[in-house]
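The values are calculated or read from the model by the stated rules, or taken from the named source; none is laboratory data. These numbers were taken from a predicted model, which means no experiment stands behind them. No Cβ is skipped: glycine too gets one built from the backbone with ideal geometry, and neighbour counts run over all protein chains shown. Just the protein is used for accessible areas: all its heavy atoms, side chains included, with ligands, DNA and RNA removed. Shrake-Rupley method; radii C 1.70, N 1.55, O 1.52, S 1.80 Å.
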Amino acid sequence: MTTKSNILNIGADEESDILYKDLILANPKESLDTKFENKLQKLLLHGAKPLKPGPDDKSVERFSVNESKKNGQNYYEFGPENKINGWITNGPSFDPKGVLGRVKERISKEHWINNNVAKYSKDSRDFVCQTVGNAIHEEQIEIYQYLCYLSESSNRK
């Protein structure tokens, strides 16, 4: 009786050699630089999706806020423009979910009734618009800082 078990198989088969060769880069320094840049992207962009090396028409989305009034309460819905019906303010964003997180840091927890809707008893349109504008501006500054870093590092090479 013969078995086809590879549990104690010693040596390398062709399939594992191919996988191993794919993991090893020709230049170890290149691997370190790539890992460093990926880590820096995560730190500077707060975990947002990494920037692509070439132009990408779909990389810039719009972050929007819509206002509705019910029973004397003002409701503000935040999110990507394609998910918000109408808007009172919006702006360009590489990461609308990240902008929502920034907005949540600025609006107290007592106003949030779910993940992306805040409720105010009085008209707070100016405050909400200013808060969203500041959050979008903060994202733009961080992206600019990251692009400056990339420019400086590419000039050193």
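A few comments on the model shown:
- Projected onto its three principal axes, the C-alpha set of region 72-157 covers 60, 25, 21 Å, listed from the longest axis down.
- Residues whose amide H falls under 5 Å from that of T89, counting only those 5 or more places apart or on a different chain, are V65, with hydrogens built in the peptide plane.
- Solvent-accessible area per residue, Å², over region 81-157 with all protein chains present [probe radius 1.4 Å]: 64 Å²
- The slack in the chain from K69 to E105, taken as 0.36 nm per residue of separation less the alpha-carbon distance, amounts to 10.6 nm.
- I136 accessible area, 1.4 Å probe, all protein chains in place, Å² to nearest 10: 10 Å²
- Filter on K69/K104; K83/K122; K58/K104; K39/K119; K42/K119 - keep pairs with C-alpha separation over 30 Å: K39/K119; K42/K119
- Of the trypsin sites (Lys or Arg not before Pro) found in region 54-126, the ones in coil according to DSSP and having at most 16 other Cβ atoms within 10 Å of their Cβ are K58, K122.
- Using the Cβ-Cβ distance between R62 and N114 with R0 set to 25 Å, the FRET efficiency from 1/(1 + (r/R0)^6) comes to roughly 0.75.
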